[in-house]
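Notes follow the structure.
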């Protein structure tokens, strides 16, 4: 040991001793003093995964409810709400499954609840059933006419707008506001009872629109309608490939 | 001559010691390289969103807050829904909706609207996550099944990951002061249940499942739709897949 230090000048030898001691201290602290879970991220991660998995579940899941509420489930199965989970409306129900008598899930009855999905909103996809909550039977709770487990119109609708509200509202502010739906569509009576199996007719040919919009149209309804030359205008296309008949676009 | 030799020796030793320190502490970004999908038979979770089906009812946001103890204030969300309105002059406005929002004033009579739709968003659980790379303490990590989690015991709340996430999917939890984000409801999916938002979505706009499964709603979704992901150019390899996504959505 002494021999080793003889080679170095005295200050350097001292420095080497100090540095070596520091290293030893550091190594001792790292390997002995600091417990493994603090150093090892893999252990921390495994621990975090365990903690994450142990968190309490609050939504029980769609298949649990039918064990007790089979009748409602059966009713729901054939209606428009068949794909809805019970907890979509009734809220988290895990606590209810564990203690059915004490904890009851919410039954939303307020008129503000259903419009969260069914209020008219132009950003909603086409064909989704929507109403105007201000004009649609004001103050009446939704469930007085519609059974939420099997929702459908309470009576056979008289007006097309009862189901095709979006189209009706669009038409109401368009140039076609004066036209009844039946001017262009023939709706069999059966369509109102089973709307998906019996469908109303739609115009098939260019000449149908031409009755009003052709250059020499004689239809009285269309005295002020914009006229085009059916021979030149649109060529191979049918009218509704460019113009949406429920809200026809016009040059402004 | 001698000067150059000493300089090179010093320079080299500094380089080597840096590598040694990095190797010992094991916190270099190389630890967070993109994870490959595991072989068939092992779980590799993914998420599907049908933009066309979303009605913007915000049930998912409600359910997420209930299930995961997310603060009720609208600012803190693990999943959210954006409303896009593209006008005829080409301008697009985006606004995150909130549960219980009043019906919006815009109607079909607003002729300046060209098209409008809702886009649900959540953590993309990237296979190559930026948030994991930047975490200085290794508190956020990727599980074997491809879910990015936050270890709230070691998170120091530095918000670096919140900055790094290109999708804005993270927030700082006001109570724990740690980063928080969507976990695909890890506690639910590990028991075989669906994430809460998928559970309550009334129109099946949200789909969840194992990307490795041969037949599942998830693999069917990927097979039958035209699929896009958000910001694919960033090479984060998101595992949230969007069907019928508008080009305006980033």
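Values quoted throughout were computed directly from the atomic coordinates according to the rules given, and no laboratory measurement underlies them. Since this is a predicted model, take the numbers as computed values, not measurements. Every residue, glycine as well, gets a Cβ built from its backbone with ideal geometry; the counts of neighbours run over all protein chains shown.
Sorted on the mean count of surrounding Cβ atoms within 10 Å across their residues, most packed first, peptides A:45-52, B:42-49, A:164-171, A:215-222 read B:42-49, A:164-171, A:45-52, A:215-222. More than 27 Å apart: what percent of Cα pairs in segment A:103-252 qualify? The answer is 39 percent, as a whole percent.
So what does the Cα-only Debye profile of segment A:22-127 read at q = 0.10, 0.11, 0.12 Å⁻¹, as log10 I(q)/I(0), no solvent term? Each listed q corresponds, in turn, to -0.56, -0.61, -0.66.
Taking every residue in B:196-202 and counting other chain Cβ atoms within 10 Å of its Cβ, the average works out to 6.
Given R₀ = 60 Å, what would the calculated FRET efficiency be for residue A:241 paired with residue A:28, taking r from the Cβ atoms and rounding to 0.05?
Values: r = 82 Å, r/R0 = 1.37.
The formula returns an efficiency of 0.15 here.
Averaged over the residues of peptide A:159-172, the number of Cβ atoms from other protein chains lying within 10 Å of each residue's Cβ is 1.
Overall size of segment A:203-252 from C-alpha positions, given as principal axis extents largest first: 25, 24, 20 Å. For the segment B:56-66, counting C-beta atoms of other chains within 10 Å of every residue's C-beta and taking the mean gives 4.
What share of Cα pairs, in percent, lie more than 44 angstrom apart in the protein assembly as shown?
35
With N denoting the number of residues in segment B:99-207, provide Rg(C-alpha) divided by 2.2 N^0.38 Å, to two decimal places. Spell out each step's value before the answer.
On the way: Rg = 17.5 Å, N = 109, 2.2 N^0.38 = 13.1 Å.
Relative to the rule-of-thumb radius for its length, segment B:99-207 sits at 1.34.
The value given for chain A is a Kirkwood hydrodynamic radius of 26.3 Å, derived from the mean inverse Cα-Cα separation. Write down the Kirkwood hydrodynamic radius of chain B, to one decimal in angstroms, obtained as one divided by the mean of 1/r over all alpha carbon pairs. That comes to 20.2 Å for chain B. Relative contact order of chain B: 26 percent, from C-alpha pairs under 8 Å at least 6 residues apart in sequence.
Label positions at residue B:144 and residue A:109, each projected 7 Å from the Cα along the C-beta direction, are separated by 5.1 nm. The alpha carbons of segment A:117-202 stretch over 35, 29, 22 Å along the principal axes, in descending order.
Spin-label model, residue B:69/residue B:42: points 7 Å from Cα along the beta carbon direction are separated by 3.1 nm. Distance between the modelled labels on residue A:135 and residue A:47, one decimal in nanometres: 6.3 nm (7 Å Cα→Cβ projection). When you restrict to C-alpha pairs under 8 Å that are six or more residues apart and normalise by the size of segment A:117-202, the relative contact order lands at 19 percent.
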